[in-house]
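Taking it in order: structure first as structure tokens, then the write-up.
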Amino acid sequence: MEILKIENLSKMYGKGNTAVKALDQVSFSVKQGEFVAIIGPSGSGKSTLLHLLGGVDRPTDGKVFVDNTDIYALNETQMAVFRRRQIGLIYQFYNLLPILTVEENITLPMALDAQQVDQKHFREVVDILGLQQRLDYLPNQLSGGQQQRVSIGRALISNPSIILADEPTGNLDSKNSKEIVDLLKLFNKTYNQTLVVITHDDRIALQADRVISIEDGQLAKDEVIRP
Ligand SMILES: Nc1ncnc2c1ncn2[C@@H]1O[C@H](COP(=O)(O)OP(=O)(O)OP(=O)(O)O)[C@@H](O)[C@H]1O
Ligand SMILES: [Mg+2]
């Protein structure tokens with residue numbers, strides 16, 4: 001089943017002679033449960049693409065379908081709900097709220113969505129992430145690897161169908177990087193969540209089912225590694 005489909009996606013920043021074409025007519029689709037790595041040089045448009053997949057930004061042209069819904073045809077309220085329920089976003093710098101505990105950071109999307117936290121799912125996610133003993137800690141009392149695990153918990157608490165990660169290990173040493181990638185793969189396999197990861201690390205890219213290369217805002221290569 002196709003969970004994600006993009007058609008002729010383009011993004012222009014700015015106007016006139018300072019305009020930048022960050023993304024230029026990119027099309028591809030992703031199957032449910034697939035693990036896709038996105039690679040490419042700095043400035044090639046990878047983060048722009050990921051933001052458009054997650055409904056964080058608006059394309060200049062083209063369409064994004066998630067589970068057959070044309071997401072940019074949604075109104076703002078529908079879009080906010082779509083983002084919170086379907087998309088789990090993970091960034092290089094964890095973006096945790098410093099005054100909230102680990103538990104509060106993880107459950108924040110549910111609170112914002114006025115939804116009850118499914119305690120069984122919460123415990124399961126916390127167990128997988130190994131954060132049982134840290135639930136009352138504040139982010140600045142955690143290591144970088146632990147903070148990234150909290151941000152993964154926050155991205156996955158609502159059981160989204162798609163996990164979008166922008167260089168999730170860019171700020172971590174190799175041991176923590178491996179742990180974080182293993183965790184993302186575990187969620188990908190356990191819950192059949194589709195995983196799209198931007199990375200500069202070949203070791204990570206080679207673990208994906210498929211590697212998409214972006215160059216100058218265009219799709220340069222699309223290689224299936226594991227059919
Ligand atoms: N908000 C913005 N306003 C203007 N230009 C932007 C904006 N965001 C990105 N760009 C430009 O769009 C192009 C693509 O940027 P993008 O952040 O998508 O690249 P990237 O592939 O993620 O790079 P990196 O690997 O360095 O993170 C770049 O030329 C960048 O300068
Ligand atoms: Mg980027």
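No lab work stands behind these numbers, since they all come straight from the coordinates. Here the structure is a predicted model, which means the values were calculated and not measured. Every residue, glycine as well, gets a Cβ built from its backbone with ideal geometry; the counts of neighbours run over all protein chains shown.
For a Förster distance of 22 Å, can you work out the FRET efficiency between the beta-carbons of ARG203 and ARG226, rounded to the nearest 0.05?
FRET efficiency, ARG203 to ARG226: 0.90.
Label-point separation (nm) for MET79 and ASP182, each offset 7 Å from Cα along Cα-to-Cβ?
For the pair MET79/ASP182, the computed spacing is 4.0 nm.
What do you get when you divide the Cα radius of gyration of the chain by 2.2 N^0.38 Å, with N the number of residues?
1.00
Test of understanding: what is the full-extension gain from SER143 to ASP70, defined as 0.36 nm times their sequence separation minus their Cα-Cα distance?
Answer, rounded to one decimal: 22.4 nm.
Suppose we look only past 14 Å in the calculated P(r) of the range 181-227. What percent of the Cα-Cα pairs does that tail hold? Spell out each step's value before the answer.
Working: 600 of 1081 pairs.
Roughly 56 percent, rounded to a whole number.
Rounded to the nearest 10 degrees, what's the angle between the helix 76-86 long axis and the longest principal axis of the chain, both from Cα atoms, 0 to 90?
Around 60 degrees separate the two axes.
Which order do the peptides 173-184, 96-107, 37-48 take when ranked by the mean count of other beta-carbon atoms within 10 Å per residue, highest first?
Values: 173-184: 16.4, 96-107: 18.0, 37-48: 19.6.
Averaged packing, sorted descending, gives the order 37-48, 96-107, 173-184.
Report the residue, chosen from ALA73, ALA155, ALA19, that carries the largest GNM mean-square fluctuation when the chain is represented by alpha-carbon nodes joined by springs under 10 Å.
Sorting by GNM fluctuation, first place goes to ALA19.
In vacuo Debye scattering of the range 142-203, one point per C-alpha: log10 I(q)/I(0) at q = 0.13, 0.17, 0.24, 0.26 Å⁻¹?
Rounded to two decimals, the profile gives -0.31, -0.53, -1.07, -1.23.
How much length is gained on full extension from ALA111 to MET12, taking 0.36 nm per residue of separation minus their Cα-Cα distance?
32.2 nm
Can you tell me what the convex hull of the Cα atoms of the range 1-87 projects to on average, as an area in nm²?
On the way: hull surface 24.6 nm².
Quarter of the Cα hull surface area: 6.2 nm².
Using bins 10 angstrom wide from zero, how does P(r) for the range 104-227 break down, in % of all Cα pairs?
12, 41, 32, 13, 2
Rounded, prolate or oblate: which fits the range 31-81, taking a ≥ b ≥ c as square roots of the Cα gyration tensor eigenvalues, rounded meaning a/c under 1.5, else prolate when a/b beats b/c?
oblate
Give the lysines whose C-alpha is closer than 22 Å to that of LYS11, dropping any in the same chain fewer than 8 places away, or say none.
Cα-Cα hits under 22 Å: LYS21, LYS46, LYS63, LYS221.
Run through every distinct alpha carbon pair of the range 85-156 and return the Kirkwood hydrodynamic radius in angstroms, one decimal place. Don't skip to the end; give the middle numbers.
Values: mean 1/r = 0.0826 Å⁻¹.
It works out to 12.1 Å.
Restricting to DSSP H runs of at least four residues, report the calculated mean residue ellipticity at 222 nm for the chain, -39500 (n - 2.57) per run over all residues, nearest 500 deg cm²/dmol.
-10000 deg cm²/dmol
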